[in-house]
Amino acid sequence: MFATLSNPAAAYRKAGIEASIESKSPHELVLMLYEGALSQIAIANMCIQQNDVLQKGKAIGNAINIIDGGLRACLDYNSGGQLAERLAALYEYMCNRLLHANLHNDRATLDEVAALLGELKSAWEEIANDPAVLSANKSAA
């Protein structure tokens, strides 16, 4: 709590991020989650190369938190039905694979999860061009 007050630059950056998030549509927020998870996996991959165990663990933990606490947690099972259930299972699989990658310094497994996330992100980006999504994003803003 007090660390932010003692570092005005950090407080400014945090406020800027929070303001940026508040101005995003739900669709854009999901894209940010995908980008964040992919970024953390790339960091973990680099940390394995550099034998930085501590930072690798942090990056993989961050990726798991984004996938499980962000992407999976925001699934709407009522309106998403079977698709939401399948995505939840895929997100759980990704988290398990990330745990494996962390335990075994397995860069191939990190690449596997990154590829899966990349496919989902790409599909989500394509959905953004749907006129119904565009109008929903405008009304959410």
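The values are calculated or read from the model by the stated rules, or taken from the named source; none is laboratory data. Because the structure is a prediction, the values reported are computed rather than measured. Every residue, glycine as well, gets a Cβ built from its backbone with ideal geometry; the counts of neighbours run over all protein chains shown.
Mind listing whichever residues of the stretch 72-111 are in a loop (DSSP other than H, G, I, E, B) and within 18 Å of the chain's Cα centre (by Cα)?
Keep residues of the stretch 72-111 that are in a loop (DSSP other than H, G, I, E, B), which gives 73-76, 105-106.
Correct list: Ala73, Cys74, Leu75, Asp76.
Kindly list, by first and then second residue, each pair from a residue in the stretch 37-59 that is free of Cβ contacts under 8 Å to residues at least 24 places away in the same chain and under 16 Å from Asp111 (Cα atoms) to a residue that is of a type outside the set (A, V, I, L, M) and not in a helix (DSSP H, G or I), limited to pairs with Cβ atoms under 9 Å and residues at least 6 apart or on different chains.
Listed by first residue and then by second, the contacts come to Met46/Asp52.
Kindly indicate whether Asn65 is in contact (Cβ under 8 Å) with a residue 40 or more places away in the chain, in a helix (DSSP H, G or I) and among the polar types (S, T, N, Q).
Working: in contact (Cβ under 8 Å) with a residue 40 or more places away in the chain: no; in a helix (DSSP H, G or I): yes; among the polar types (S, T, N, Q): yes.
So Asn65 does not fit the description; no.
Kindly indicate whether any position in the stretch 71-89 is under 19 Å from Val53 (Cα atoms) and either touching a helix residue (DSSP H, G or I) at 6+ places or on another chain (Cβ under 9 Å) or at pLDDT 95 or above (or both). Before the answer, list the steps.
Taking the stretch 71-89 first, the residues under 19 Å from Val53 (Cα atoms) are none.
No, the stretch 71-89 has no match at all.
Can you tell me which residue in the stretch 54-68 is surrounded by the fewest Cβ atoms within 10 Å (Cβ to Cβ), limited to those that are small (Gly, Ala, Ser) and closer than 13 Å to Met94 by Cα?
Here is the first cut: in the stretch 54-68, the residues small (Gly, Ala, Ser) are 57, 59, 61, 63.
Add one more test, that the residue is closer than 13 Å to Met94 by Cα, and what stays is 61, 63.
Working: Gly61: 15, Ala63: 28.
Going through the qualifying residues, I end up with Gly61.
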